[in-house]
Amino acid sequence: MPHSIKKRKQRLHHKKTLDHRIKDIHRLAAKHKADSHVITLPNVALGDLRRQFNPKNQGWDGLHPAIKRMVSKFKRYSLDSSRPLIIKASDGGLLLVRTHLNDPAMLNQMAADIQTFPPPKNYKFKGIKRSDYMVWHLGTWAPYSKVCMVSRELRDLKQLGFEFLSKYSDVWTQMSRVLGQYAPGIFKQFQLYPLNEPCERFCGAWAECVVNNGGNNPNQTEAHRDVKESQYGYSCVLSFGDYTGGALVLFELGIIVEMEPGDLLLFPDSLITHCNEPAEGNRMSIVTFTQENVCDYWHRTYNMKLRRQLRSKQTKKKPKK
């Protein structure tokens, strides 16, 4: 039974293990400490972004007219692989981390392996392509179902997809370390509860990843929010290939963050409307994430507290007169 004494003891032991892993991550980070560039945005609060969350992905059309008028004046953060860039909200919430994965040989091999993937059968959402990228969703989710399942694209790729996820476990580990260092609470939440077979966390702390192959055409993504992903979580973007450009535009934050091959970027992509500027060359990216419906599965099966429900109850409470 999911709520038996034995299961609760197992989760408690697992939680202690995760706490030890977080301490190890922070010790490792302190050993290889680099001075961070820390920015606080005085006009943006992470709590406000969460309260204003809209489950509809309205993209550019959903942005406030004032934001659209200010795009040309957005603050641009240039490339700097020597130290992490950390952007915080006025309420202290973490908005973004940019750091670097310095392993070009592994990233080149990953790019070569992605080129062997057959074209996805369908990479449109409601009949509309988000970009000219070819996209594969590889991992675990629970869409409109009581149990988790393996994504269709991973089933279509069969052994090729599973071998890819297994081969680059070191990449998922390094991306997970960034999450554990800067958002330890989410790091624990994403790994505390089990998944039903044959599903697993295929990408370290995260249950799923999306592989984007931009090819050799200059291209850009349309402005969007990834509204299906965890509302209180963070996703991690890894860009690689031989390209220039492709900076990430974050509209509600009023900033543009430049990226180069090997950059890792952690941010709450379900809350912030974003897109990439046009890139020249062969640009690829991988985004690791856990969908909100997986959190719903943990809530149904293991009574995990959903922060969005707690927030909803708090907003409904009215002070007595």
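Quick check: net charge around GLY180, other residues with Cβ under 10 Å of its Cβ, Lys/Arg +1 and Asp/Glu -1? List each step's numbers first, then the result.
Details: positive: ARG21, LYS23, ARG177, LYS188; negative: ASP24.
Once all neighbours under 10 Å are counted, the net charge is +3.
Could you work out how far apart the two model spin labels at SER78 and HIS32 are, taking each label as a point 7 Å from the Cα in the direction of the beta carbon, and quote it in nm?
It works out to 2.6 nm between the two label points.
Compute the projected area of the convex hull of the Cα atoms of region 5-308, averaged over all viewing directions, and report it in nm² to one decimal place.
Reported value for the Cα convex hull: 15.6 nm².
Rounded to the nearest 20 Debye, what is the dipole magnitude of the chain about its Cα centre when Lys and Arg each give +1 and Asp and Glu each give -1 at the C-beta?
2420
Using the charge dipole of region 1-55 (Lys, Arg: +1 at Cβ; Asp, Glu: -1 at Cβ; taken about the Cα centre), state which of PHE53, HIS13, HIS26 has its Cα farthest towards the positive end.
After comparing all options, I get HIS13.
Given an 8 Å cut-off on Cα distances and at least 6 residues of separation, report the relative contact order of the chain as a percent.
Once normalised by length, the contact order is 22 percent.
Just going by the charge dipole of the chain, with Lys and Arg at +1 and Asp and Glu at -1 on Cβ, which of GLY241, VAL44, PRO118 is farthest out on the positive end?
VAL44
Taking 21 Å as the cut-off for C-alpha to C-alpha distance, list the pairs among LYS75/LYS228; LYS9/LYS305; LYS33/LYS188; LYS121/LYS158 that go past it. Can you show the working numbers first?
Values: LYS75/LYS228 28 Å; LYS9/LYS305 18 Å; LYS33/LYS188 23 Å; LYS121/LYS158 14 Å.
Pairs exceeding the cut-off: LYS75/LYS228; LYS33/LYS188.
What fraction of the DSSP beta bridges in region 5-308 is antiparallel, stated in percent and rounded to the nearest 5? Show your work: numbers first, answer last.
Numbers: 47 of 55 bridges.
Within region 5-308, antiparallel bridges account for around 85 percent of the total.
For the chain, what is the mean residue ellipticity at 222 nm derived from helices alone (per DSSP H run of n ≥ 4: -39500 (n - 2.57); sum divided by total residues; nearest 500 deg cm²/dmol)?
After summing the helix terms and dividing by residue count, I get -10000 deg cm²/dmol.
Go through 279-290, 80-91, 245-256 and give me the packing order, highest mean Cβ count within 10 Å leading.
Result, highest mean first: 279-290, 245-256, 80-91.
Would you please calculate the Kirkwood hydrodynamic radius of region 48-119 over all C-alpha pairs and express it in Å, rounded to one decimal?
The answer is 16.6 Å.
FYI, it's all coordinate maths here, none of it is from the lab. Being a predicted model, the structure only gives us computed values, none of them experimental. In this analysis, Cβ positions are derived from the backbone assuming ideal geometry, glycine residues included, and neighbour counts consider all displayed protein chains.
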